[in-house]
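Here is the structure we will look at, set down as structure tokens.
Here, each number is a calculation from the coordinates, and none is a lab measurement. These numbers come from a predicted model, not from an experiment. Glycine also receives a Cβ, built like all others from the backbone with ideal geometry; neighbour counts cover every protein chain displayed.
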Amino acid sequence: GTFINDKVKVRQEGDFPVVEPATIDFMDVAPNQIASISASLIPFLEHDDANRALMGSNMMRQAVPLLRPEAPIVGTGLERQVATDSRVLINAEGTGTVEYVDSMQIHIRYDRSKEEREVSFAEDINTYHLVKFQKTNQGTTINLKPIVKKGDRVELGQVLCEGYATQKGELALGRNMLVSFMPWKGYNFEDAIVISERVVREDIFTSIHIDEYSLEVRDTKLGAEELTADIPNVSEEATKDLDENGIIRVGAEIKPGDILIG
């Protein structure tokens, strides 16, 4: 390829001179190569103030995966690539047919010739296990959900599941919302308020977090501590979900202030 203009702007030892194309040694693969992943996900980045772009990229890095995320309507085209390179999603390894699907696993029978079967030790049906409610280092949740059904034909590289801030194979960090702007003499550019009750009622921005609580039982001067559901001066209602060891039972619904370990 060739450059259209007779002179182009380049980077040279911290400066940005305008030179002839014949003197150029290297060229960037893409315009967003100099930006980070989160900055490259900001639409029209070149028109943004630097402080606002920094704020936007930091907010994207701090986003938590929603219960029901949506891929952005306006994006930069990098959303699918980011989701693919995250290695969280499961992609088809070839052309085949979905034999079985449930919330925990996907079975796919790939099309293989007789010769391929003879030289391969792999089974005819590949089984993919989906990660369910796994805790991350940030306390958020990885929960993969299948998006194919029994009998579907799949192609090489096709996304088989979604979850953990993805939708249909694209990065989905939030929701597409209807917003309104009301300027007030330029003083309220940093203020935002949610005025929709439906956002709360329909869990639009609800996310699942997993916390781990541990307790050490020690020997004290008054004797050894013990785990028990029979806690003095505590009502029976407050301990109804504790087992015989004083530990909250699996599946119990809790509220702030409830006893987890007696």
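Apply the Karplus parameterisation 6.51 cos²θ - 1.76 cosθ + 1.60, with θ equal to phi minus 60°, to every residue of region 165-177 and state each ³J(HN,Hα) to the nearest whole Hz, in sequence, with x for glycine and proline.
6, 9, 9, 6, x, 10, 4, 9, 8, x, 10, 8, 10
For the chain, what is the convex hull volume of its Cα atoms per residue in Å³?
Working: hull volume 88.9 nm³, N = 262.
It comes to 339 Å³ per residue, whole-number rounded.
Which of the aspartates and glutamates could a cross-linker bridge to K149, judged by Cα under 20 Å and excluding same-chain residues fewer than eight apart?
Partners found: E93, E99, D102, D111, D124, E162, E170.
Relative contact order for the chain: what is it in percent, counting Cα pairs under 8 Å that are at least 6 residues apart?
Reported as a whole number, the value is 17 percent.
Kindly express, to the nearest 10 degrees and within the range 0 to 90, the angle between helix 50-61's C-alpha long axis and the longest C-alpha principal axis of the chain.
Approximately 40 degrees, to the nearest 10.
Can you compute 3J(HN,Hα) from phi for each residue in region 128-136, using the Karplus curve 6.51 cos²θ - 1.76 cosθ + 1.60 with θ = phi - 60°, rounded to whole Hz and x for Gly and Pro?
Per residue, the Karplus-derived 3J(HN,Hα) values read 10, 8, 8, 6, 10, 6, 8, 6, 9 Hz.
With 10 Å bins from zero, work out the P(r) of region 8-61 over every alpha carbon pair and list the percent per bin.
Pair shares across the bins are 21, 40, 30, 10, 0.
Which FRET efficiency value, to the nearest 0.05, is calculated for N233 and W184 with the Förster distance at 35 angstrom and r the Cβ-Cβ distance? Don't jump to the answer; show the numbers that get you there.
On the way: r = 55 Å, r/R0 = 1.56.
Given R0 = 35 Å and the Cβ-Cβ separation, E is 0.05.
Report the per residue volume, in Å³, of the convex hull enclosing the C-alpha atoms of region 169-229.
Residue-normalised Cα hull volume stands at 282 Å³.
If a paramagnetic tag sat 7 Å from the Cα of M55 along the Cα-Cβ line, which residues of region 174-205 would have the backbone N under 18 Å from that point?
179-194
Which of the lysines could a cross-linker bridge to K221, judged by Cα under 24 Å and excluding same-chain residues fewer than eight apart?
none
Taking every alpha carbon pair in region 1-143, what does the distance histogram look like in 5 angstrom bins from 0, in percent?
Per 5 Å bin, starting at 0, the Cα pair percentages come out as 2, 7, 11, 12, 12, 12, 11, 9, 9, 7, 6, 4, 0.
When only alpha-carbon atoms are used, what values of Rg and Dmax, in angstrom, describe region 93-152?
14.9, 48
Given 0.36 nm per residue, what is the gain on full extension from F133 to F16 after removing their alpha carbon distance, in nm?
37.2 nm
Between D258 and I37, what length in nm is gained on full extension when 0.36 nm per residue of separation is reduced by their alpha carbon distance?
75.4 nm
GNM, the chain, Cα, under 10 Å: largest mean-square fluctuation among V250, V119, V98?
Of the options given, V250 has the highest mean-square fluctuation.
Rounded to whole Hz and in sequence order, give me ³J(HN,Hα) for region 190-196 from the Karplus expression 6.51 cos²θ - 1.76 cosθ + 1.60, θ = phi - 60°, writing x for Gly and Pro.
With coefficients 6.51, -1.76 and 1.60, one gets 9, 9, 9, 9, 8, 10, 9 Hz.
Using the number of other C-beta atoms within 10 angstrom as an exposure proxy, rank H129, H107 with the fewest first.
H129, H107
Dipole size in debye (nearest 20) for the chain around its Cα centre, Lys and Arg Cβ +1, Asp and Glu Cβ -1?
680 debye
Not counting the cut sites, what is the longest span of the chain without GluC sites (Glu not before Pro) that DSSP labels loop and that have at most 16 other Cβ atoms within 10 Å?
The segment 14-92 is the longest one with no such site.
Give the separation of the Cα centroids, region 72-133 to region 17-59, in Å.
What the calculation gives is 34 Å, centre to centre.
Specify the residue with the greatest mean-square fluctuation among K145, K132, K114, computed from a Gaussian network of the chain linking alpha-carbon atoms under 10 Å apart.
Largest GNM mean-square fluctuation: K114.
By how many nm would the segment from D243 to T97 lengthen if fully extended, with 0.36 nm per residue of separation less the alpha-carbon distance?
47.9 nm
Could you check how many percent of all C-alpha pairs in region 95-196 are farther apart than 21 Å?
Working: 2917 of 5151 pairs.
Of the Cα pairs, 57 percent sit more than 21 Å apart.
Please check: in the Gaussian network model of the chain (C-alpha springs, under 10 Å), which one of A122, A22, A92 has the largest mean-square fluctuation.
Comparing A122, A22, A92 in a Gaussian network model of the chain, the most mobile one is A22.
Between M104 and E225, what is the spin-label point distance in nm, taking each point 7 Å from the Cα along the Cα→C-beta axis?
Those two pseudo-labels are separated by 3.6 nm.
At most 11 other Cβ atoms within 10 Å and a DSSP loop assignment: could you name the chymotrypsin sites (Phe, Trp or Tyr not before Pro) in region 177-262 that fit?
Answer by residue number: F181, W184, Y187, F189, Y213.
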